[in-house]
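Colleague: This is the structure, below, for whatever I ask next.
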Amino acid sequence: MTIDPQDILNSILSSLEKIDYIRPKEIPGIDLYMDQVTTFMEEHLHTSKRYAEDKILTKTMINNYAKNHLIPPPEKKKYSREHMLLLIYIYYYKGLLSIGDIQKLLEPLTERYFHSTEPLNMQSIYEEVFSLEKSQVEKMKKDVIESYRIASDTFADAPEEEQQFLHIFSFICLLSFDVFVKKQVIEKLIDGLPKKETVKKRKE
């Protein structure tokens, strides 16, 4: 059985087209119990799962996030709209960053904007950040196509029956290197964030 690299590329581009995010208006306006939180996340993010049996968020995960101060503890066992926004951030970060890095990134956000009544609050920040999504998807599609083109030109002297695998391998390496470099940049930015004491003083 052979794998057509072009079919793989088309599948990737099709997946990118389907990338979406949870809009604030979709989040219930009432506080939710744990079971309601996991059900909501499952319903709205199921298209991003690799395997059908994968779980978006579990009760254990959410309890660990609260225990490790990634999210404030629930109030009377209920999670607010702002808790939900933080959990969405965590869902996207957890495949790339360590728990410690996610905590460093979200802690200033939570301290400054959680339950804020000012125009700049958790929801307005979420809306601003995720409004960039569509333009970034188009840019990513172009980058993926370019990486595919470059990979397709590699190993021109290899036996024909081996070229298909080597092209796919080169394609994966290019995409992985891109992720690796961006991860390094993200970690350096997180390392440069103000320490907790500095954030508290600035807030005061």
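The values are calculated or read from the model by the stated rules, or taken from the named source; none is laboratory data. Treat the numbers as computed from the prediction; the structure is a model and nothing was measured. Every residue, glycine as well, gets a Cβ built from its backbone with ideal geometry; the counts of neighbours run over all protein chains shown. Side chains are part of the model used for accessible areas, which takes the heavy atoms of the whole protein and leaves out ligands, DNA and RNA. Shrake-Rupley method; radii C 1.70, N 1.55, O 1.52, S 1.80 Å.
Here is a yes/no grid of residues against (1) under 19 Å from the mean Cα position of the chain (by Cα); (2) open to solvent by 80 Å² or more (accessible area, probe 1.4 Å):
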site: Asp7; (1), (2): no, yes
site: Pro28; (1), (2): no, no
site: Leu32; (1), (2): no, no
site: Tyr65; (1), (2): yes, no
site: Glu75; (1), (2): no, yes
site: Ile88; (1), (2): yes, no
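Colleague: Considering every residue within segment 161-174, establish whether at least one is touching a Ser or Thr at 6+ places or on another chain (Cβ under 9 Å), aromatic (Phe, Trp, Tyr) and in a loop (DSSP other than H, G, I, E, B).
Modeller: Checked against the condition, which is being touching a Ser or Thr at 6+ places or on another chain (Cβ under 9 Å), aromatic (Phe, Trp, Tyr) and in a loop (DSSP other than H, G, I, E, B), segment 161-174 yields no hits at all.
Colleague: Checking Leu120 against (1) aliphatic (A, V, I, L, M); (2) exposed (fewer than 13 other Cβ atoms within 10 Å of the Cβ); (3) at pLDDT below 90, which test does it fail?
Modeller: Failing condition for Leu120: (3).
Colleague: For residues that are farther than 16 Å from Ser124 by Cα and of a type outside the set (Val, Ile, Thr), tally how many sit in segment 88-113.
Modeller: Residues in segment 88-113 being farther than 16 Å from Ser124 by Cα and of a type outside the set (Val, Ile, Thr): 14 in total.
Colleague: Residues Ile150, Ile145: which one is modelled with pLDDT under 90 and surrounded by 10 or more Cβ atoms within 10 Å (Cβ to Cβ)?
Modeller: Ile145
Colleague: May I ask you to verify whether Lys94 is under 22 Å from Val37 (Cβ atoms) and open to solvent by 70 Å² or more (accessible area, probe 1.4 Å)?
Modeller: Here the answer is yes, as Lys94 does meet what is asked.
Colleague: Under 7 Å between Cβ atoms, at least 6 apart or on separate chains: pull out the pairs that start in segment 41-67 with a residue that is without any contact (Cβ under 8 Å) to a residue 24 or more places away in the chain and end on any residue that is assigned to a helix (DSSP H, G or I) and surrounded by fewer than 16 Cβ atoms within 10 Å (Cβ to Cβ).
Modeller: Short answer, once both residue conditions are applied: His44/Glu26.
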